[in-house]
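Structure, as structure tokens:
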Amino acid sequence: MACDQTAAWSALQGHFQAHGRDFDLREAFARDPHRHTSLSFEAPSVFADLSKNLLDTATLHFLLDLARETGLEARRDRMLAGEPVNDSESRAVLHTALRAPRGSAPFSAEVHATLDAMLAYADRVRQVESSGIRDVVNIGIGGSDLGPQMAAAALAGYAHPQLNSHFVANVDGHDLGPLLRRLDPRHTLFVVASKTFTTQETMANAQAAKAWFLAAGGTDIAKHFVATTTNVEAAAAFGITTSFGFWDWVGGRYSLWSAIGLPLAIAIGADHFRAMLAGAHAMDRHFAEAPLERNLPVLLGLLDVWYRNFHGFASRSVAPYHQGLRRLPAYLQQLEMESNGKRVDAQGEALRVATAPVVWGEPGTNGQHAYFQMLHQGTDTIPVEFIAVRATSHGPLGFAPAVRAAFEDQHRKLLANCLAQSQALMLGKTAQEALLESPSTASPQMSRQAVARHRSFPGNRPSTTLLLDRLDPTSLGALVALYEHRVFSSGAVWGINSFDQWGVELGKVLCNQLLPRLDSGDVTGLDASTAGLLARLRD
Ligand code: F6P
């Protein structure tokens, strides 16, 4: 049933009018001393504090009714069983099978055979004395780039010290070019990563890399190029003899766990890669088995529905307070906006409700000195998601004790900043409080009242805080799987197919039509703007 036709939706509308619109976090904490405890949740490797959000247990109750009425659990079970829940492409959606223990999920034999072969290959590359490889360049885009790139940054502390990982995505040669200047073909391995092996950007970069390799005296393409793809034939036609395959039931943005993870496996090794899969699998079990009341991906998905459809918040900011997670916002942008940025439901009927919010962010504390001004005092309410990590991971890097102590001190500052931001967003500061202050930089020409208004904060701005004990392969796997299932959960409530991406097609088709016109200058039939711009670009 369409979500807005359910009894729960009507109940939520009534609840929003009565308690949601004017919900005040400060009053809620004053009223309920147990609020933090009752709105905090444990999932594998992740602790989540939802208490600084504009909801209470009654709201959650109505949202859970909505999940049940829209059939979220049945859809989840159909997905996990391998039924073709990607309706518009008649495909199963089984990224969970990629991290399931041997024999416990569909396609287990193929999955584990490929995984074993890929990890054995990764470990051979890691024998740098015999492989001769020093630089690994992943050429891929979207899901064939963002996942392994994000994870390689997050797990840099686990990386082989003599191997450098590089990620090239953009069709713009200014991405690959500067990197090639620093590489030696004798010590470089290119991983050409593309589910389809037809993507313009990846094919263009792969051709350029091959041309550079041959021009620089490289001879052994078979040794220096490897492909990760579902289209092994196309890789062979390109001249690549070593390929690791995967399957059409692995969506591009869900493919980190497949052969697309090869550059990560080369960086961190087979055991750590398997630990990441195990962390994700633990989250899969939680998603499949935990009662909805304590099911963290479901609760986060429902929170997203509450904010998007009832409060009308159009964006969510992600602020990982760990430099290793600096690529997580970009990864989540594809995961969430490509999955749920839809305007029709799974049957192709127009939706009457808003779907995916804009997801954006930067690591803390950097964002604090850039856009947090708007989060605190702008006219829009933007829920923020803080991600903090309890322990540092500098240990294995072998710094001197004094340096380690300095890093520990920096970590305390990082955590204090993280807590301070969610506190400031919630508490705010009244103009009366600001009036008691005498800021040295305030203009003497401005009245004290006006200065106080500039310096006041509305507060009551919501945030979620996710805590990891440490950032390691297991917790990273769990965190990413949490986000995957959260996106599934909001998508299931909205009734959309979160696993297709038809919206990327039109631009690709038009690009292919415009490409020859850039050479010929033919603007026949083009709109005046495109024709004018094309002419200027050719001048
Ligand atoms: O154009 C969008 C998209 O299809 C993404 O969904 C995908 O992750 C990316 O392009 C790359 O596709 P491929 O892995 O087939 O090169």
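For the list (1) under 30 Å from VAL344 (Cα atoms); (2) of a type in the set (S, T, N, Q); (3) touching a helix residue (DSSP H, G or I) at 6+ places or on another chain (Cβ under 6 Å), I need the number of the one condition that SER45 fails.
(1)
Go through region 247-297 and report how many residues are more than 23 Å from MET337 (Cα to Cα) and in a helix (DSSP H, G or I).
Total satisfying the criteria: 27.
Restricting the search to region 44-73, which residues are within 22 Å of TYR483 (Cβ to Cβ) and of a type in the set (A, V, I, L, M, F, W, C)?
VAL46, PHE47, ALA48, LEU50, LEU54, LEU55, LEU60, LEU63, LEU64, LEU66, ALA67, LEU72
Only one residue in LEU325, LEU262, LEU332 is within 16 Å of the ligand (Cβ to nearest atom), crowded, with 22+ Cβ neighbours inside 10 Å and either among the polar types (S, T, N, Q) or under 29 Å from ALA354 (Cα atoms) (or both), so which one is that?
LEU332
Looking at region 137-151, which of the residues that are outside any helix (DSSP H, G or I), in contact with a Ser or Thr (Cβ under 7 Å, 6 or more places away or on another chain) and within 8 Å of the ligand (Cβ to nearest atom) is farthest from LEU264 (Cα to Cα)?
ILE141
Filter region 205-222 down to the residues that are free of Cβ contacts under 8 Å to residues at least 60 places away in the same chain and touching a Ser or Thr at 6+ places or on another chain (Cβ under 9 Å), then identify the one that is farthest from the ligand (Cβ to nearest atom).
The qualifying residue farthest from the ligand (Cβ to nearest atom) is GLY218.
Of all the helices (runs of 4 or more DSSP H) wholly in region 428-539, which have at least 3 residues that are in contact (Cβ under 8 Å) with a residue 40 or more places away in the chain and touching a strand residue (DSSP E or B) at 6+ places or on another chain (Cβ under 8 Å)?
473-494
Going by the structure shown, is HIS166 crowded, with 17+ Cβ neighbours inside 10 Å and modelled with pLDDT of 95 or more?
Criteria met by HIS166.
Residue-by-condition table, conditions (1) under 19 Å from ALA151 (Cβ atoms); (2) touching a helix residue (DSSP H, G or I) at 6+ places or on another chain (Cβ under 6 Å); (3) assigned by TED's automatic domain parsing to the domain that holds ARG253:
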| position | (1), (2), (3) |
| --- | --- |
| TYR307 | no, no, no |
| SER315 | no, no, no |
| ALA356 | no, yes, no |
| VAL359 | yes, yes, no |
| GLY367 | no, no, no |
| VAL389 | yes, no, no |
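Restricting attention to region 226-237, which residues are within 13 Å of the ligand (Cβ to nearest atom) and either under 23 Å from PRO84 (Cα atoms) or buried (at least 19 other Cβ atoms within 10 Å of the Cβ) (or both)?
ALA227, THR228, THR229, THR230, ASN231, ALA235
Among the residues of region 2-20, is there at least one that is surrounded by fewer than 21 Cβ atoms within 10 Å (Cβ to Cβ), of a type in the set (Val, Ile, Thr) and over 23 Å from LEU419 (Cα atoms)?
Taking every residue of region 2-20 in turn, at least one turns out to be surrounded by fewer than 21 Cβ atoms within 10 Å (Cβ to Cβ), of a type in the set (Val, Ile, Thr) and over 23 Å from LEU419 (Cα atoms).
Name the residue that is farthest from the ligand (Cβ to nearest atom), counting only residues in region 238-259 that are among the small types (Gly, Ala, Ser) and in contact (Cβ under 8 Å) with a residue 24 or more places away in the chain.
GLY239
Could you list, in sequence order, all residues of region 169-203 that are touching a Ser or Thr at 6+ places or on another chain (Cβ under 8 Å) and either farther than 30 Å from TRP249 by Cα or surrounded by fewer than 17 Cβ atoms within 10 Å (Cβ to Cβ) (or both)?
THR196
Mind listing whichever residues of region 179-204 are within 11 Å of the ligand (Cβ to nearest atom) and outside any loop (DSSP other than H, G, I, E, B)?
Hits for region 179-204 are VAL192, ALA193, GLN200, GLU201, THR202, MET203.
Take region 204-225 and flag every residue that is loosely packed, with under 15 Cβ neighbours inside 10 Å and either among the aliphatic types (A, V, I, L, M) or closer than 20 Å to ILE141 by Cβ (or both).
Result: GLN207, ALA211, LEU214, ALA215, ALA216, ALA222.
Quick one: how many residues across region 498-533 are surrounded by fewer than 24 Cβ atoms within 10 Å (Cβ to Cβ), among the polar types (S, T, N, Q) and within 14 Å of the ligand (Cβ to nearest atom)?
Final tally of qualifying residues: 2.
The values are calculated or read from the model by the stated rules, or taken from the named source; none is laboratory data. The shown structure was predicted, so the numbers you read here are calculated from the model rather than taken from an experiment. Please note: Cβ atoms are built from the backbone with ideal geometry, for glycine as well, and neighbour counts cover all protein chains shown.
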